[in-house]
Structures are given as structure tokens and as C-alpha cells.
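*Asks:* Take this structure first; my questions come after.
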Amino acid sequence: MQEIEKSPQPLSSDSIRSGLSLVQKTIDGNGYAFTKLCLNKAALNDISFLKNFKFLRHVDLNNNLISSIDALENMRHLVTLNCSSNQIKEIPSFISNLEYLQLLDFSCNNISSVSLSNMERLVMLNLNKNAIFNVKIDEMKSLVEVDLRGNSLKSTPLINAEKLTHLYLAQNQIQEIKDLNLLPSLTHLHLRENQLSNLGGMEACVSLEYLNLRQNKISKFSVLDKLSMLPRLKHLVALGNPMSTEEIYRLETLFRLPFLDRIDKDNVLDEDKEELEAYKTTRPGDPTEGNTVPNDSTDGQDSSNVIEEENES
């Protein structure tokens with residue numbers, strides 16, 4: 001919960017003074033104006049006073065009591081906007097019209113549905129810790145990172161962003177993987193603490209290098225076979241799934257995905273590869289499949305450098 005000691009108050013000519021900075025020439029060239037506003041933890045519940053500040057380019061209003069940001073509609077030259085930790089229930093439609101916006105943060109609000117499109121300069125979008133169950137993010141030519149952790153998604157979201165490389169979806173209720181074919185550049189996918197029991201649809205992630213599946217519901221090793229079609233995958237995190245309790249978990253994972261450089265927190269060493277060769281000849285069968293031994297996996301590809309990736313919190 002946010003901690004605000006001040007009494008709720010509307011933004012005024014007095015309270016705005018401490019937050020204004022960075023005087024620059026206006027876009028129209030007719031004068032100079034403040035271009036940066038930072039008012040954090042100010043207990044603001046009404047920002048109507050901002051309607052006339054059309055030349056602001058950087059606005060940070062995090063940790064307030066704001067429920068409406070309609071006063072920002074005339075700020076056509078916004079580059080960064082941080083409205084995290086407020087009481088916003090809906091992202092207004094004018095946000096998609098802010099053609100210069102590059103960083104957008106609506107994390108820790110009460111948003112349930114997201115629809116954004118044609119924001120050609122947007123690079124980073126943070127929507128974590130809302131109540132989002134519906135997402136449509138379309139025609140984003142520059143977007144490289146989306147954070148949707150801690151929401152109510154039942155499936156991977158509809159995001160059409162050809163340059164997106166990092167997608168954070170931990171702590172949702174995801175049971176189905178779909179629409180990942182719209183993300184041809186995706187290299188890092190975080191799906192920790194969801195409800196996945198199969199990985200159908202994951203084969204579309206042809207550029208994937210890092211995948212976090214920790215604490216899902218994957219009980220069968222054969223589910224990992226879907227990942228055998230991802231030639232660039234080097235780091236897999238799968239602890240906390242039912243299959244990870246099996247004694248042969250690490251060896252069986254490497255047996256099916258021999259191209260991995262790292263499993264969970266440990267690098268794949270030469271000793272692991274030697275142990276894998278011995279395991280192939282004495283492999284007792286797959287206990288998650290009723291002791292039925294599947295066909296041998298194809299030979300692994302040459303490994304690249306180990307990717308150093310922090311576990312999600």
C-alpha cells in the first residue's frame with residue numbers, strides 16, 4: 001500500500017512551483033517554458049491545473065491519488081510519462097495520440113483493460129501490478145520492453161511489436177500461450193508464477209534466448225519438447241514445476257534440450273555433458289510418462305556465450 005502522509009489536495013499554482021524545472025525553448029519557437037514536472041508523493045487527487053501546461057515533455061506524478069489524467073491531453077510533446085502508484089482505472093484514448101512519447105508507466109494502478117496502438121516512438125511500457133485481463137497493443141514500431149507482471153491475464157497478451165525483445169508476464173494466471181508469432185524479435189520471456197501445464201504456441205518464439213517458467217504446473221518432461229524448435233534458447237528456468245522434483249530433472253532437461261548453456265541458476269559444464277552421454281546409455285525412462293522412453297532428441301547446436309539474467313523477484 002502507498003504511504004501518503006499529506007491530506008489529499010488538488011494541484012495549484014503554489015504546489016506546482018516546487019516540481020517545475022528544465023526551461024527550454026518551446027517547440028513553436030515563440031518563447032521559453034518549463035518542460036519537466038516532478039511531483040511525487042504530493043497527495044494530489046486533481047491535476048486539472050495542468051491543462052495550460054502544453055509544453056511539458058517529462059511528467060512524473062507517481063505515488064499520488066490521481067484518478068484522471070485528462071488534463072494532460074494537450075501535452076502533445078510528452079516524451080516520458082510516469083503515473084505509477086495512483087488510482088487510475090482506465091488509460092485514456094488520447095495517450096495513443098502522443099506521437100513523441102517514448103516511456104510510459106502506469107504500474108500500480110487499478111487498470112483492467114489496455115488498448116494502445118500506433119505509438120511509433122514508444123520504447124518502454126510498464127503496466128505491472130494492475131488488474132489487467134485484456135490487452136491489445138498494436139502497431140508499435142519501436143517498442144522493445146513491456147512489463148505486465150502481477151495482473152490477471154489468462155493467456156499471453158496480444159502485442160504486435162516487431163522489435164519487442166523483453167516481455168515480463170510473471171504472477172498472472174496464464175494457462176495458454178498464443179499470439180507470440182507477432183513478436184519475431186523476442187529474446188527474453190518471463191512467465192514465472194503462472195498456471196501453464198503445456199507449452200503449445202511457444203514454438204513461434206524463434207529468437208528466444210531466455211525463458212523463465214519457474215513455479216508453473218508443468219508435470220511432464222515431454223512438454224519441454226516444444227522448446228526443441230527454438231534454436232537460440234540458451235537459458236531455461238523451470239524450478240518449482242512438478243517435474244523439477246524428479247531426481248533426473250536436470251539430466252532429462254538437458255537430454256531434451258542439449259543446446260542449453262544454463263538451467264536454472266547453474267551453467268551447463270563439460271562435466272554435465274559427460275554425465276549426459278552416460279545417461280543416454282542407461283536412461284531408465286521418463287517417470288512423468290509412465291516410464292515410457294521417448295525418441296532420442298536431435299544433437300545440440302554449438303553453444304554461445306552464457307546469458308547472465310537475474311531471476312525475477
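The values are calculated or read from the model by the stated rules, or taken from the named source; none is laboratory data. Owing to the predicted nature of the structure, the values given are computational and were not obtained by experimental measurement. When we count neighbours, we look across all protein chains shown, and the Cβ atoms used for this are built from the backbone with ideal geometry, even at glycine.
*Asks:* From the list E120, E90, which residue is acidic (D, E), in a loop (DSSP other than H, G, I, E, B) and within 24 Å of P184 (Cα to Cα)?
*Replies:* Answer to the check: E120.
*Asks:* Six or more apart or on different chains, Cβ under 6 Å: which pairs go from a residue in the stretch 65-83 that's under 19 Å from P8 (Cα atoms) to one that's among the hydroxyl-bearing types (S, T, Y)? Could you list them?
*Replies:* Listed pairs, sorted by first residue: A71/S48.
*Asks:* Kindly check whether there is at least one residue in the stretch 141-164 that is farther than 27 Å from E120 by Cα, surrounded by 17 or more Cβ atoms within 10 Å (Cβ to Cβ) and over 13 Å from the mean Cα position of the chain (by Cα).
*Replies:* So far as the stretch 141-164 goes, no, none of its residues is farther than 27 Å from E120 by Cα, surrounded by 17 or more Cβ atoms within 10 Å (Cβ to Cβ) and over 13 Å from the mean Cα position of the chain (by Cα).
*Asks:* Within the group L65, L61, which residue is in contact with a strand residue (DSSP E or B) (Cβ under 7 Å, 6 or more places away or on another chain) and buried (at least 22 other Cβ atoms within 10 Å of the Cβ)?
*Replies:* Matching residue, one of L65, L61: L61.
*Asks:* How many of the residues making up the stretch 123-160 are of a type in the set (D, E) and in a loop (DSSP other than H, G, I, E, B)?
*Replies:* Matching residues across the stretch 123-160 total 1.
*Asks:* Same structure, new question: Filter the stretch 93-117 down to the residues that are closer than 25 Å to Q171 by Cβ and part of a loop (DSSP other than H, G, I, E, B) and list them by number.
*Replies:* If the condition is that a residue be closer than 25 Å to Q171 by Cβ and part of a loop (DSSP other than H, G, I, E, B), then F106, S107, C108, N109, N110, I111, S112 are the ones that fit.
*Asks:* Being surrounded by fewer than 10 Cβ atoms within 10 Å (Cβ to Cβ), in the same structural domain as L239 (by TED's automatic domain parsing) and modelled with pLDDT under 70 narrows it down to one residue among D302, D270; which is it?
*Replies:* Values: D270 fails: modelled with pLDDT under 70.
Checking each option against the conditions leaves just D302.
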